[in-house]
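Each reported figure results from applying straightforward, stated rules to the coordinates on display, with no laboratory input. Everything quoted here is computed from the prediction, not taken from an experiment. Cβ placement follows ideal geometry from the backbone for every residue including glycine, while neighbour counts extend to all protein chains displayed.
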Amino acid sequence: MSKFPINIYHCCVFKTGSQWIRGILQHPLIKAASELDCYRYEDHLPGNTDSRKITERFFDSFLPKQKILSPLFLSFNCFQSIPKPAHYRAFFITRDPRDITVSLYYSILYSHREMGHIAEMRNNLKKKSQSDGLFQVIDWGVELGIFEALLSWASAQDIDPCVKIFRFEDLTCKEKFHHFTQLMNHCQIGISRTELKQILKDLSFENLSGRSKGSEDINSHYRKGISGDWKNHFNGETEAYFFNRTNSLLKDTGYL
């Protein structure tokens with residue numbers, strides 16, 4: 001067995017800090033420690049995007065070996081379909097689906113580059129109040145398979161010992177160093193404490209956005225940098241609609 005996993009799979013759904021995590025994984029200090037380059041398979045598809053629902057992104061051929069595959073937006077069933085080398089590590093970033101909803105709303109309305117159906121979705125949201133817009137985004141979360149995919153990973157680490165689940169909230173809290181240490185250990189990336197602290201400083205919200213956490217820029221990919229922002233946007237009607245459309249999602253993913 002090689003010193004490092006032949007492949008590392010960074011799995012997620014939309015609005016779980018995917019580009020930030022990818023930035024960490026392709027940091028020069030990570031590359032030096034892991035001896036692995038990052039690889040985004042969607043860069044090699046027409047339009048540089050996978051047009052399939054994330055619950056339908058099945059694979060019947062190997063992705064490149066000796067790579068960090070990042071990010072992979074897909075369900076656990078789709079991940080299982082990927083032909084893998086004998087030795088690998090995978091992790092999934094989960095997040096409160098209500099925060100995913102709010103983040104998706106602002107991303108579609110303001111900051112996401114216009115690709116695929118984004119322009120159409122943006123024009124749709126512009127015609128609605130924020131409350132109605134959130135209803136629409138909740139519907140899209142269901143239709144696009146985002147919530148279904150999120151739920152599919154809930155017990156993944158009990159099924160596959162090479163998989164570990166990490167919460168976005170833990171990776172962005174004051175104790176984030178501890179959780180990133182666990183992530184690095186799981187991925188068998190032997191990086192020092194000093195180096196990891198430097199990476200997290202380099203890729204901090206403050207350095208990436210030029211703002212402190214909680215200071216909002218709706219036009220920025222790094223909009224606000226906090227968890228629990230859904231409480232500032234959901235009212236009783238929004239919460240009721242969310243529960244109606246997603247059933248036991250919050251409970252089953254550990255957010256209730």
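Data overview
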read-out	value
Ranking of Lys197, Lys174, Lys164 by count of other Cβ atoms within 10 Å, fewest first	Lys174, Lys197, Lys164
All aspartates and glutamates inside 14 Å of Lys174 as judged from Cα atoms, apart from same-chain residues fewer than 8 positions distant	Glu206
For Val137, Val142, Val163, order by how many other beta-carbon atoms lie within 10 Å, fewest first	Val142, Val163, Val137
FRET efficiency estimate (nearest 0.05) - Cβ-Cβ, Gln198 to Ser129, R0 41 angstrom	0.40
The stretch 157-203 and the stretch 11-77: distance between their alpha carbon centers, rounded to Å	17 Å
Gain on full stretching of the segment that runs from Leu208 to Asn185 - 0.36 nm per residue minus C-alpha separation	5.8 nm
Exposure proxy ranking, count of Cβ atoms within 10 Å, fewest first, for Tyr9, Tyr88	Tyr88, Tyr9
Antiparallel bridges, percent of DSSP beta bridges restricted to the chain (to nearest 5)	0 percent
Set Lys31/Lys201; Lys15/Lys126; Lys164/Lys251; Lys15/Lys128; Lys15/Lys251; Lys15/Lys84 screened for pairs whose C-alpha atoms are more than 23 Å apart	Lys15/Lys84
Efficiency of FRET from Cβ geometry, Glu120 and Cys162, R₀ 30 Å, rounded to 0.05	0.20
(1) 43, 21, 16; (2) 36, 20, 15; (3) 29, 21, 18, with the label sought being that of the calculated semi-axes √(5λ) of the Cα gyration tensor in Å	(3)
